[in-house]
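The values are calculated or read from the model by the stated rules, or taken from the named source; none is laboratory data. This one's a predicted model, so the numbers in the text were calculated from it and none came from an experiment. Glycine also receives a Cβ, built like all others from the backbone with ideal geometry; neighbour counts cover every protein chain displayed.
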Ligand code: G3P
């Protein structure tokens, strides 16, 4: 089995903004180096450039707009996040939903630029739909558990298991992650035992008193 994947979504917490974002990215890099776990970080757009220059772990954008270069003031051009140093992007996060045709367009645009794609979904049906669009990852996150501290891998194990099964029937190349309420080593282990390849998480680490210690605890059981 491959090394588990941990994607730390910085969202827009002040604890993961600006200088704090850089510090958190460096802690993530240290934990990745110490443990061999594949940790990726998804900071806000304006922090991507600095973080990508200073750490050697993969940096993802939280979203891209499906626009072509030109007159689109205030938009997020995929080419720009790539030049800033991102190697992939989240798409359709629960806090940044887009329509199905935009998920498709974002995956195609990211593919053309060599950016990895992590499509977030809310249930088994949308996960299955997302798998047909051929992203690198689908991350199932039941919205009601996001930020709750109640781990999806323990509260709703069947949704993870069934998503893995459904996606692998539809498109075996797609790798499945899960997220929402994940914070401890037991939560991550449960997610892996259910067949996912890793987790997408935020508040359990970002709002911890000692995020580096929380990350070390997260990866301690695998
Ligand atoms: O993208 C990760 C996410 O939505 C889960 O958030 O705070 O429950 O780990 P959290």
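Given (1) in contact (Cβ under 8 Å) with a residue 60 or more places away in the chain; (2) over 20 Å from residue 45 (Cβ atoms), where does residue 127 come up short, assuming only one miss?
(1)
I need the full set of residues from the stretch 1-20 which are part of a helix (DSSP H, G or I) and within 15 Å of the ligand (Cβ to nearest atom), in order please.
14, 15, 16
Listed here are the residues, each with its yes/no results for (1) in contact (Cβ under 8 Å) with a residue 40 or more places away in the chain; (2) touching a strand residue (DSSP E or B) at 6+ places or on another chain (Cβ under 7 Å); (3) surrounded by fewer than 21 Cβ atoms within 10 Å (Cβ to Cβ).
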| position | (1), (2), (3) |
| --- | --- |
| 8 | yes, yes, no |
| 14 | no, no, yes |
| 21 | no, no, no |
| 29 | no, no, yes |
| 40 | yes, yes, no |
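Would you please name the residue that is nearest to residue 139 (Cα to Cα), looking only at residues in the stretch 42-64 that are more than 16 Å from the ligand (Cβ to nearest atom), touching a residue at least 24 places away in the same chain (Cβ under 8 Å) and surrounded by fewer than 17 Cβ atoms within 10 Å (Cβ to Cβ)?
My answer is 56.
Give the residue that is nearest to the ligand (Cβ to nearest atom), with candidates limited to residues of the stretch 176-190 that are free of Cβ contacts under 8 Å to residues at least 60 places away in the same chain and in a helix (DSSP H, G or I).
Among those that are free of Cβ contacts under 8 Å to residues at least 60 places away in the same chain and in a helix (DSSP H, G or I), it is 187.
Determine, yes or no, whether residue 160 is more than 11 Å from the ligand (Cβ to nearest atom) and either buried (at least 16 other Cβ atoms within 10 Å of the Cβ) or at positive phi (or both).
Here the answer is yes, as residue 160 does meet what is asked.
I'm checking my understanding of the structure. Among residues of the stretch 99-115 that are in contact with a helix residue (DSSP H, G or I) (Cβ under 8 Å, 6 or more places away or on another chain) and either surrounded by fewer than 18 Cβ atoms within 10 Å (Cβ to Cβ) or at pLDDT below 95 (or both), which one is nearest to residue 80 (Cα to Cα)?
For the stretch 99-115, the residue satisfying everything is 113.
Please give the number of the condition residue 25 fails out of (1) part of a helix (DSSP H, G or I); (2) in contact with a strand residue (DSSP E or B) (Cβ under 6 Å, 6 or more places away or on another chain); (3) surrounded by fewer than 23 Cβ atoms within 10 Å (Cβ to Cβ).
Against the list (1) part of a helix (DSSP H, G or I); (2) in contact with a strand residue (DSSP E or B) (Cβ under 6 Å, 6 or more places away or on another chain); (3) surrounded by fewer than 23 Cβ atoms within 10 Å (Cβ to Cβ), residue 25 comes up short only on (3).
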